[in-house]
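What follows is a set of notes on a single structure, which appears directly below.
Nothing in this text is a laboratory measurement; each read-out follows from the coordinates by a stated rule. Predicted model only: the values in this text are computed from it and were never measured. So basically every Cβ, Gly included, is an ideal-geometry build from the backbone, and we count neighbours across all protein chains shown.
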Amino acid sequence: MAKRKPKLAVWKFASCDGCQLSLLDCEDELLALADEIEIAQFLEASQAVVRGPYDLSLVEGSITTPQDAERIQRVRRVSKHLVTIGACATAGGIQALRNFQDVKEFTAAVYARPEYIRTLERSTPISAHVPVDFELNGCPIDKGQLLEVIGAFLNHRRPQIRSHSVCVECKRRGTVCVMVAQGIPCLGPVTHAGCGALCPAYRRGCYGCFGPMESPNTESLGGWWKRLGVPAEDLVRVYRTFQTGAEAFRAASEAHDKEKG
């Protein structure tokens, strides 16, 4: 009797689909992966759906509607392991900017009949609603890290994803620190590695796409930015982008917001 292949499911909530596309970008690696697993649900790639339960579910996107909050519960029930991928699923995404404002004002300004809109006051990560086995950061995620996570769970081990900052990646590729050498504000010291220090390699400061590193010292970094002439209002904005809902970045933005006002 042929051995049953583990079932993989990929789910989408409020997001731009970029992290799902990272899986499709694996190309040759994806073909090899398909030999080892059954891709049972992945609507970005195919309309064919195999019923669960699933050995591993990858979830992209944040929870922004009452329907989403109900659906993620169903996804969790049919998933042996659940891994969230990308900034939306791990930190609420850029749509978490709503968390700092009145959503009713937004809906009233955008929709002709806002009373028909059913949305939540906050955009929240998947972990705020169900237990999550692992969170993979990035906006979008790194395909190499994604393959490591999938392989790890299918082989019953913990994923080997480094938790250090982008600064370490700069050192490894021999990139001179843009903040020290050129006075360019950079979030690298507080940002999780994963991009290969792409922006500093092109003499640009890190934008924090991969969210907070394991133990970010945002207070110290704020002092460095101020010495470079960056006002508090810009520090608020820089922490309120892709990872605005991540706890460390949210707290940093609120601290600088108080300074501003």
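Summing Lys, Arg as +1 and Asp, Glu as -1, what charge do residues with Cβ under 12 Å from the Cβ of V190 carry, V190 excluded?
-2
What does the C-alpha gyration tensor say about the overall shape of the chain? Classify as rounded when a/c is under 1.5, otherwise prolate if a/b is larger than b/c, or oblate.
Numbers: a/c = 2.43, a/b = 1.29, b/c = 1.88.
It is oblate, given that a/c is not under 1.5 and a/b is not larger than b/c.
Using only Cα atoms, tell me the angle between helix 247-260 and the longest principal axis of the chain; keep it within 0 to 90° and round to the nearest 10.
Roughly 30 degrees, rounded to the nearest 10.
How much mean residue ellipticity at 222 nm does the chain get from its helices, if each DSSP H run of length 4 or more adds -39500 (n - 2.57) and you divide by all residues, to the nearest 500 deg cm²/dmol?
Working: 12 runs with 102 residues, N = 261.
Computed mean residue ellipticity for the chain: -11000 deg cm²/dmol.
What is the diffusion coefficient of the stretch 211-261 in µm²/s, taking the Kirkwood radius over Cα pairs and the Stokes-Einstein relation at 25 °C with a viscosity of 0.890 mPa s? Please list the in-between numbers first.
Numbers: Rh = 10.8 Å.
After rounding, the answer is 227 µm²/s.
Suppose R0 equals 25 Å; then what is the FRET efficiency for L24 and Q182 from their Cβ-Cβ distance, rounded to the nearest 0.05?
Working: r = 37 Å, r/R0 = 1.46.
Efficiency for this residue pair is about 0.10.
Specify the inter-centroid distance of the stretch 143-157 and the stretch 1-22, based on alpha-carbon positions, in whole Å.
13
Treating the angle as unsigned and between 0 and 90°, give the value, to the nearest 10°, between the Cα long axis of helix 218-227 and the longest Cα principal axis of the chain.
40
So, in nm, how far is label E214 from label K260 when the simple model puts each one 7 Å beyond its Cα toward the Cβ?
For the pair E214/K260, the computed spacing is 3.2 nm.
If only Cα atoms are counted, what is the Rg of the stretch 140-261, and what is its Dmax, in Å?
So, for the stretch 140-261, Rg and Dmax equal 15.3, 52 Å respectively.
Taking 8 Å as the Cα distance limit and 6 or more residues as the minimum spacing, I'd like the relative contact order of the chain as a percentage. Don't jump to the answer; show the numbers that get you there.
Values: 481 pairs, mean separation 44.4, N = 261.
The value is 17 percent.
Compute the FRET efficiency between A34 and R204 as 1/(1 + (r/R0)^6), taking r as their Cβ-Cβ distance and R0 = 35 Å, and round to the nearest 0.05. Show your work: numbers first, answer last.
Values: r = 37 Å, r/R0 = 1.05.
Using R0 = 35 Å, I get an efficiency of 0.45.
Using a 10 Å cut-off on Cβ atoms, rank the peptides 183-193, 42-52 from the highest mean neighbour count down. Write down the numbers at each step before the final one.
Working: 183-193: 22.3, 42-52: 12.1.
Highest-to-lowest ranking by the protection proxy: 183-193, 42-52.
Please get the size of the charge dipole for the chain, origin at its Cα centre, with Cβ charges of +1 on Lys and Arg and -1 on Asp and Glu, quoted in debye to the nearest 20. Don't skip to the end; give the middle numbers.
Details: 32 positive and 30 negative charges, 55 e Å.
Result for the chain is approximately 260 debye, rounded to the nearest 20.
At L228 and A69, where each label point lies 7 Å from the Cα along Cα→Cβ, what is the point-to-point distance in nanometres?
4.0
If one computes the Cα centroid of the stretch 175-246 and of the stretch 46-88, what distance in Å separates the two points?
Here the answer is 31 Å between Cα centres.
Could you give the angle, 0 to 90 degrees to the nearest 10, between helix 66-77's Cα long axis and the longest principal axis of the Cα atoms of the chain?
Taking the Cα atoms of the chain, the angle to 66-77 is about 60 degrees.
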